[in-house]
1. May I ask you to list the residues in region 20-77 that are touching a strand residue (DSSP E or B) at 6+ places or on another chain (Cβ under 8 Å) and assigned to a helix (DSSP H, G or I)?
2. Looking at this structure, is GLY12 crowded, with 18+ Cβ neighbours inside 10 Å and under 13 Å from the mean Cα position of the chain (by Cα)?
3. Restricting to region 1-39, what's the tally of residues that are in contact with an Asp or Glu (Cβ under 8 Å, 6 or more places away or on another chain) and of a type in the set (Asp, Glu)?
4. Hey, can you tell me all the residues within region 27-49 that are over 17 Å from VAL1 (Cβ atoms) and either open to solvent by less than 50 Å² (accessible area, probe 1.4 Å) or touching a Cys at 6+ places or on another chain (Cβ under 9 Å) (or both)?
5. Tell me which residues, restricted to region 50-77, are touching a residue at least 40 places away in the same chain (Cβ under 8 Å) and either at positive phi or open to solvent by 80 Å² or more (accessible area, probe 1.4 Å) (or both).
Amino acid sequence: VLDGELLTLWHGRVDPLPRGEPGTVTAVGADAIVVACGEDGIAVTELQRPGGRRMPVAAFLAGRPVAVGARFDPVPV
């Protein structure tokens, strides 16, 4: 969940550099959103909005900017 929007994360890769509070966006680039996960991070490269199609991060960011420091929250149960 990012800013109240439930996103499905489809593809990514381990990024060994980010340190920070888990769920915190540590970098935003043309091809990935890097999120801290404790020891390492995940560079998310493909995601999906509710009711939408899977898309690369570049397409997602074209319609919805994400700032460094933004937080992904756990999915409510």
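The values are calculated or read from the model by the stated rules, or taken from the named source; none is laboratory data. Please read these numbers as outputs of a predicted model, since none were measured by experiment. Reconstructed Cβ throughout: ideal geometry from the backbone, glycine too, with neighbour counts over all protein chains shown. These accessible areas exclude ligands, DNA and RNA; they are computed on the full protein's heavy atoms, side chains included. Shrake-Rupley method; radii C 1.70, N 1.55, O 1.52, S 1.80 Å.
1. VAL57, PHE60, LEU61
2. yes
3. The number of residues fulfilling the criteria is 1.
4. ALA27, GLY29, ALA32, VAL34, GLY38, GLY41, ALA43, THR45, GLU46 - these are the residues of region 27-49 that are over 17 Å from VAL1 (Cβ atoms) and either open to solvent by less than 50 Å² (accessible area, probe 1.4 Å) or touching a Cys at 6+ places or on another chain (Cβ under 9 Å) (or both).
5. Within region 50-77, PRO50, ARG54, VAL68, GLY69, ARG71, PRO74, VAL75, PRO76 meet the criteria.
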